[in-house]
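Notes to accompany the following structure.
The values are calculated or read from the model by the stated rules, or taken from the named source; none is laboratory data. Because the structure is predicted, anything quoted here is derived from the model rather than measured. As a convention, Cβ positions derive from the backbone with ideal geometry for all residues, glycine included, and neighbour counts pool all protein chains shown. Please note that ligands, DNA and RNA were not included when accessible areas were found on the heavy atoms of the full protein model with its side chains. Shrake-Rupley method; radii C 1.70, N 1.55, O 1.52, S 1.80 Å.
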Amino acid sequence: VATLSLPDVNPLDPVIYGTGDPSTYGLPLDVYKYLREEKPCYVQEFGNPLLIDRVWMITRHEDTWAIDRDSETWAANRGLVNTWRILNIDPIEYPGGKPAMLTLDGPEHRRNRGVFSHAFTPNVLAGLETKFRAFAKQVVDAALRVDGPLDFVHQVANPMPMQALGDMLGVPEADRAKFFGWVDTFASPFDTRVVTGMDQVEAAIKDLMDYALELWDLRTREPGDDLLSTVIAGGEGQLSQDEIMGNISLLANGAAESTRTTLSHGIHQLMRDPDQMAWLRERADDIPVTVAQELVRIATPFAHFVRTATKDVELHGQRIKEGDRACMLFASANFDPQAFDEPERFDLSRDPNPHLSFGRGPHSCLGKHVASLEIKILLEELLQRTKDIRPAGDISYISDNFSRGVYSLPVTLTKA
Ligand code: HEM
């Protein structure tokens, strides 16, 4: 740590995450520690044509949470909530697609979130469990039919949220691969193995928005027992077409990839830690709630979110001006010893676990219970039906500074 100096440190360099150290969850924990201790609030310049010019980097848990909670001082509705240049400074030419709830504040945000929250009540959630279990069984069946090593990311962690979310949203089965293909593009704009340029990302955003509208029309004509049909029935007339497109794209984008990412980092870490794997196997018939929380903490599927100051603010002796952007580095906050006992330890029974991976303010993740349920059920099915899960090669991380995706994770499963 003593050898790091600020000019060398850019905690949002996509390459740091692409070449992350598996023994520290793929995260630059030494860089985060240095920043939390020495520079808890500083200006990070990017000099990258794909990113905005600069942000105030906020790395401590307390400060990050305070910003996330205070939407009057820290707006989500002035530009995008990450550091991409596209959509922030260079709006894409597209006739429609209003900002989704994630980039709204105040009454507009409450109206958009209110309409969708009908679909996330405890009753709806209880109804999902049987369906999710059926999907998890199918996914594990298919994985166990593979003779030899398989790629956990694409053969286990991807199909689970793809089926679960596809079903929740009412995406016809035949369209699911196409639908989540756009999402992959969206989620990895910097990784040339996945995407060749921002024009491809732009095309995926447009395709997703067009499809969102088709889907809305389909579920208006043919309602089912899915989220969209519920939202249409409960909130008809309350959202414009543009708002619908934006919110469906948000759901598609935020919900599937993040769950896949958590499962992939989670299994990887479990294979590295036989004691925790054994602890979990003993509880495989009903996995405790603390497990998904710890997996989401170490994965931090979205490494950061960005807000814009609505007035001048002073923080740690620095003057942040109205209009300046501040980056809440969730990945650093999640390892802050001021908030967590032994934060670098992987502890599936950690309680309390005040991680910020789902956010903790007015925008806090609407689907956090859905994601946690998917993770719990998939792990239960997988652990009950295997007696061993071993690495069959190295993990390969996606090179990105926002989504903490895993590109591949070769494993061998041994049937129980
Ligand atoms: C492990 C999986 C997931 C993670 C880590 C995650 C993380 C997040 C984060 C960090 C935010 C923004 C919080 C903030 O700004 O304070 C968010 C918002 C949101 N998430 Fe998730 N999410 C996950 C899964 C899901 C799922 C499965 C759904 C839906 C089925 C979902 C729906 C949403 C929605 C609608 C919002 C916007 C809420 C608002 O702006 O009011 N997420 N999520």
- Taking the range 231-249 only, how many residues are touching a Pro at 6+ places or on another chain (Cβ under 9 Å) and within 15 Å of the ligand (Cβ to nearest atom)? 2
- Task: Would you mind finding the one in Ala392, Ala326, Ala333, Ala416 that is more than 12 Å from the ligand (Cβ to nearest atom), touching a residue at least 12 places away in the same chain (Cβ under 8 Å) and buried (at least 19 other Cβ atoms within 10 Å of the Cβ)?
- Result: Ala326
- Message: Quick test for you: out of Leu51, Leu27, Leu12, pick the one residue that is at negative phi and modelled with pLDDT of 95 or more.
- Response: Leu27
- Only one of Thr261, Thr192 that is in contact with a Pro (Cβ under 6 Å, 6 or more places away or on another chain) and either at positive phi or modelled with pLDDT of 85 or more (or both): Thr261
- Item | Pair list, Cβ under 7 Å, 6 or more apart: the range 163-187 residue open to solvent by 40 Å² or more (accessible area, probe 1.4 Å), other residue not in a helix (DSSP H, G or I) | Asp184/Val194
- Query: How about the range 282-307: which of its residues are buried (at least 18 other Cβ atoms within 10 Å of the Cβ) and not aliphatic (A, V, I, L, M)?
  - Reply: Gln293, Glu294, Arg297, Thr300, Pro301, Phe302, His304, Phe305, Arg307
- Message: Can you pull out every residue in the range 336-369 that is within 9 Å of the ligand (Cβ to nearest atom), among the hydrophobic types (A, V, I, L, M, F, W, C) and open to solvent by 10 Å² or more (accessible area, probe 1.4 Å)?
- Response: Phe358, Cys365, Leu366
- Item | Failed item in (1) touching a residue at least 60 places away in the same chain (Cβ under 8 Å); (2) more than 30 Å from Glu72 (Cβ to Cβ); (3) in contact with a strand residue (DSSP E or B) (Cβ under 8 Å, 6 or more places away or on another chain); (4) outside any helix (DSSP H, G or I), with Phe346 passing the rest | (3)
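Do you know which residues across the range 188-212 are in a helix (DSSP H, G or I) and open to solvent by less than 40 Å² (accessible area, probe 1.4 Å)?
If the condition is that a residue be in a helix (DSSP H, G or I) and open to solvent by less than 40 Å² (accessible area, probe 1.4 Å), then Met198, Val201, Ala204, Ile205, Leu208, Met209, Tyr211, Ala212 are the ones that fit.
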- Task: Answer with yes or no whether Gln269 is in contact with a Lys or Arg (Cβ under 8 Å, 6 or more places away or on another chain), within 16 Å of the ligand (Cβ to nearest atom) and farther than 13 Å from Ala119 by Cβ.
- Result: no
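Give the range 371-389 a look and list any residue that's within 16 Å of the ligand (Cβ to nearest atom) and open to solvent by 10 Å² or more (accessible area, probe 1.4 Å), or say none. First the steps, then the outcome.
We begin by selecting, within the range 371-389, every residue within 16 Å of the ligand (Cβ to nearest atom); these are 371-379.
Once the filter is applied, which keeps residues that are within 16 Å of the ligand (Cβ to nearest atom) and open to solvent by 10 Å² or more (accessible area, probe 1.4 Å), the range 371-389 yields Ala371, Ser372, Leu373, Lys376.
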- Message: Report every pair of residues separated by at least 6 positions or lying on different chains whose Cβ atoms are under 6 Å apart, first residue within the range 110-124 and near the ligand (Cβ under 8 Å from one of its atoms), second modelled with pLDDT of 90 or more.
- Response: Asn112/Met101; Asn112/Leu104; Arg113/Met101; Phe120/Leu366
- Query: Out of all the residues in the range 231-264, which are open to solvent by 10 Å² or more (accessible area, probe 1.4 Å), over 23 Å from Thr103 (Cα atoms) and either touching a His at 6+ places or on another chain (Cβ under 6 Å) or of a type outside the set (Gly, Ala, Ser) (or both)?
  - Reply: Arg260
